[in-house]
Amino acid sequence: MQKKEIPSSTFQSFPSQEDEIDLIELGGAIWEGKWLIICTIFIFALSSVYYALSIPDEYKSTALLAPASSSSSNPMAGLAGQFGGLASLAGVNLGGVSGGDKATIAIELMHTWGFLETFIESNQLEVEVLAVKGWDKVNKELIINEALYSSKTDSWVTDSVASLEGTSFIPSSWALFNQIKNRITVSRDKKTGLISLSVEHFSPAIAKKWVDLLIVAINKHMQLQDRLDALNSIEYLKEQINKTDIAEMRTIFYQLIEEQTKTLMLAEISDEYVFKTLSSSKVAEQKSKPKRALVVFLGVLLGGMLSLSVVLFRYFIKK
């Protein structure tokens, strides 16, 4: 009588008791380590409270802006389409960039090292950018970091962020740029096209001042750039007029000069050349950060996770 072979697929493998995790036993291990968990959470809570209280308050000031002009109001748009190719060959900018595109260029420019370096130097903001570490609400005074800047002598102290220039130590341009770039936020609403310019600083008054200065600085920068481009174009076109005897070409060059002159005139009309202020900045009365409750919560959460991990690690090592 032959024995029937039972297919191996009919056998079911069951995990051994050694590989099973007993939830009751695991809960007991956590209960045994409750004091470690409680003490760790308590230490992390105290540390996070101390850290949260040591962070100085910062205030935000915001202005709402809009592009000062649109492509429909650009007097060069028609001429750019008619003589754009010829002007490009002649190296002349017809100013066909719309107001929206100028605003985009200006937004990107406000994030660059070169623009912010000039902005700091022209407004003498070195101390406000690098040496301030807090704000005295009672006396309405800045709290200066004496390790960087001496209030008594009104001079910079030699340290790792200072660079030698002549006989005096001043902050390096890179150090200033790294500090100020994190305090300036420029964003644009995709639906409305409106621009929000914000500055955060220890002092609410300085935050507002910087916003106002930035609006003036970027408008002047773009205005001056367009003015210089128009002057250079006019000078070049006059040279081309003297070089050619073709009446049609001379007529075209005169039309280009006329339009470049209009660009010069537009650059002198308004100080709000690129950005028009819809809502001016205000001195903030409430801090924008830090979120101290969130800092404490994250500290407690981190302490709980760390202590629980230690208890579970010890449990599995013993098992």
How many residues are β-branched (V, I, T) and outside any helix (DSSP H, G or I) if we restrict to region 199-235?
1
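Could you please find all residues in region 98-156 being among the basic types (K, R) and in contact with a helix residue (DSSP H, G or I) (Cβ under 7 Å, 6 or more places away or on another chain)?
K102
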Might you let me know whether region 281-294 holds any residue that is of a type in the set (G, A, S), in contact with a helix residue (DSSP H, G or I) (Cβ under 6 Å, 6 or more places away or on another chain) and assigned to a helix (DSSP H, G or I)?
no
Could you give me the residue pairs with C-beta distances under 9 Å whose first residue belongs to region 34-58 and is under 16 Å from L294 (Cα atoms) and in contact (Cβ under 8 Å) with a residue 24 or more places away in the chain, whose second residue is in a helix (DSSP H, G or I) and polar (S, T, N, Q) wherever it lies, and which are 6+ apart or on separate chains?
I41/S307; F44/S307
Considering only residues of region 8-50 that are assigned to a loop (DSSP other than H, G, I, E, B) and at pLDDT 55 or above, which is surrounded by the most Cβ atoms within 10 Å (Cβ to Cβ)?
G33
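Residues of region 208-263 being among the charged types (D, E, K, R) and free of Cβ contacts under 8 Å to residues at least 60 places away in the same chain, which ones?
K209, K220, R227, E235, K238, E239, K243, D245, E248, R250, E258
The values are calculated or read from the model by the stated rules, or taken from the named source; none is laboratory data. Since we're looking at a predicted model, the values are computed, not measured. Every residue, glycine among them, receives a Cβ derived from its backbone with ideal geometry; neighbour counts consider all protein chains shown.
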